[in-house]
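In what follows, a structure is listed as structure tokens, so that the remarks can point back to it.
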Amino acid sequence: MRFLHYMGVLLLLCLNFAVAQTAPQPIALPHAFNGWVMVSTASPAPPQLNPDQQALLTEFGLDAASEAHYQQNGRNLDLTVFRFPDYTGAYGSFTFFREPNMLPQKIGDQAASGVNHVLFFHGNFLVDAKFDSVSAMTLSQLRGLDSLLPIAKSSGHPPVLPKYLPPQNGDLLPSTIHYAIGPIGLKLSGAPLDASQVGFKFSPEIVTANYRSAAGQGTLTLISYPTPQIAIARLHAIEPAFITSTLPGNQIKRSNSLLVLASGAFTAAEAGTLLASVSYDGDITWNEPTKPNPKDNVLGLLSNVIILSVILGGFMFVIGLFFGGFRLLYFKFRPEKQEAYERSKEMIRLDLR
């Protein structure tokens, strides 16, 4: 019974260890970097997120967020760091949180800055930094922070779909590019479709971008499906309501597993030229590790715990059988030793009257 009790305790401890290893860990922000010193773990001015933005972060799989207030020689920095399971979540959130008037910068994988605001992502992390004012020095200091982020080794690679957006002689507006993988992102991207038309049960990827046109701006939407067959079915579902005589700029085509849609203030000629410049080109990328991360493989960890418990139990049984059997054999061939042992264990009685 005592053995079973010990084995139960051991199994319980192993299960608690497994749960602790698989639970998301908080983001440990540096106490100081490049002259900036943390004065509070709560930022006085964190990003003001509306319900759609909060839902968007959840859609991209946000698993942790931390904020802190830093100071340097009287200057202030409010820092918020978001962590996602992979590159896709950080990149997609960056495309929506980036403001149209921001200028591109070289920090991490991609960055943009405004008057007092810098946004960048690296791997599976998105960083939102608000300064009193942004300068070349502050950008350089953020590069130091970037080097301290605990980037996941299996964060994957950039989505391939945005690479299909044609520059069109500089008419593409890079700050309007949005990458979506769910209905919230679709709604916020401004794509001329609803979730039922896209069919998110087929796991599509969506990229939208605005282009300059003779009459203003139009939108190019790319939707990538896992197979050409799915793309054909969705084309038939979208095309009847999308193509109308009153909107000549609304045009659609399929290229292998890719649907390309032009909409908005395009002329028929502009839309046709834009669609013709997009062509599917098969490209294989590894967005996920070839082997699961041991910390994420809960079933594998639990099975190993059970196997280890069985091995330890079997080992203890064999050891107990060996020592117990040796003792029985010893007393069998040396009965006098057994008698002496039993006498030594007898209770001493004093027959006092």
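The residues in the range 298-317 that are modelled with pLDDT of 75 or more and surrounded by 12 or more Cβ atoms within 10 Å (Cβ to Cβ) can be counted, and the count is 9. Pairs are defined by a Cβ separation below 8 Å, a sequence spacing of at least 6 or placement on different chains, a first member in the range 255-274 that is open to solvent by 20 Å² or more (accessible area, probe 1.4 Å), and a second member that is in a helix (DSSP H, G or I) and not hydrophobic (A, V, I, L, M, F, W, C); the pairs so defined are Asn256/Pro228. Beta carbons closer than 7 Å, at least 6 apart along the sequence or on distinct chains, pair a first residue in the range 149-167 that is farther than 18 Å from Arg254 by Cβ with a second that is of a type outside the set (S, T, N, Q) and part of a loop (DSSP other than H, G, I, E, B) for Ile151/Gly123; Ala152/Gly123; Ser154/Pro289; Ser155/Asp86; Ser155/Gly123; Gly156/Asp86; Gly156/Glu288; His157/Trp286. Of all the residues in the range 190-209, those that are open to solvent by less than 50 Å² (accessible area, probe 1.4 Å), polar (S, T, N, Q) and free of Cβ contacts under 8 Å to residues at least 40 places away in the same chain number 1.
Taking helices (runs of 4 or more DSSP H) as the structural unit, those lying wholly within the range 82-200 and holding at least 1 residues that are farther than 24 Å from Ala231 by Cβ correspond to 87-97, 136-146. Looking only at residues in the range 243-252 that are under 35 Å from the mean Cα position of the chain (by Cα) and farther than 18 Å from Gly199 by Cβ, the one that is least open to solvent (accessible area, probe 1.4 Å) is Asn250.
So is Ser113 within 22 Å of Pro183 (Cβ to Cβ) and crowded, with 22+ Cβ neighbours inside 10 Å or not? Here the answer is no, as Ser113 does not meet what is asked. Do we find a residue being crowded, with 16+ Cβ neighbours inside 10 Å, out of contact with any strand residue (DSSP E or B) (no Cβ under 7 Å at 6 or more places or on another chain) and of a type in the set (Phe, Trp, Tyr) anywhere in the range 231-242? Within the range 231-242, none of the residues are crowded, with 16+ Cβ neighbours inside 10 Å, out of contact with any strand residue (DSSP E or B) (no Cβ under 7 Å at 6 or more places or on another chain) and of a type in the set (Phe, Trp, Tyr). Where residues in the range 1-31 are open to solvent by less than 50 Å² (accessible area, probe 1.4 Å) and among the aliphatic types (A, V, I, L, M), which of them is modelled with the lowest pLDDT? Here the answer is Ala18. Scanning the range 128-183 for residues that are in contact with a strand residue (DSSP E or B) (Cβ under 9 Å, 6 or more places away or on another chain), among the polar types (S, T, N, Q) and modelled with pLDDT of 90 or more turns up Ser133, Thr138, Gln141, Ser147, Ser175, Thr176. The residues of the range 83-110 that are open to solvent by 40 Å² or more (accessible area, probe 1.4 Å), in contact (Cβ under 8 Å) with a residue 60 or more places away in the chain and more than 8 Å from Asn124 (Cα to Cα), listed by number, are Glu99, Pro100, Asn101, Pro104.
What about Lys295, is it at pLDDT below 65 and over 22 Å from Leu161 (Cβ atoms)? Yes, satisfied. Only residues that are in contact with a Ser or Thr (Cβ under 7 Å, 6 or more places away or on another chain) and open to solvent by 40 Å² or more (accessible area, probe 1.4 Å) were counted in the range 216-227, giving 2.
The values are calculated or read from the model by the stated rules, or taken from the named source; none is laboratory data. Values in this document were obtained by computation on a predicted structure and should not be read as measured data. Cβ coordinates were reconstructed from backbone atoms using ideal geometry, including for glycine residues, and neighbour counts include every protein chain displayed. Areas reflect the complete protein model, heavy atoms only, side chains present, ligands, DNA and RNA absent. Shrake-Rupley method; radii C 1.70, N 1.55, O 1.52, S 1.80 Å.
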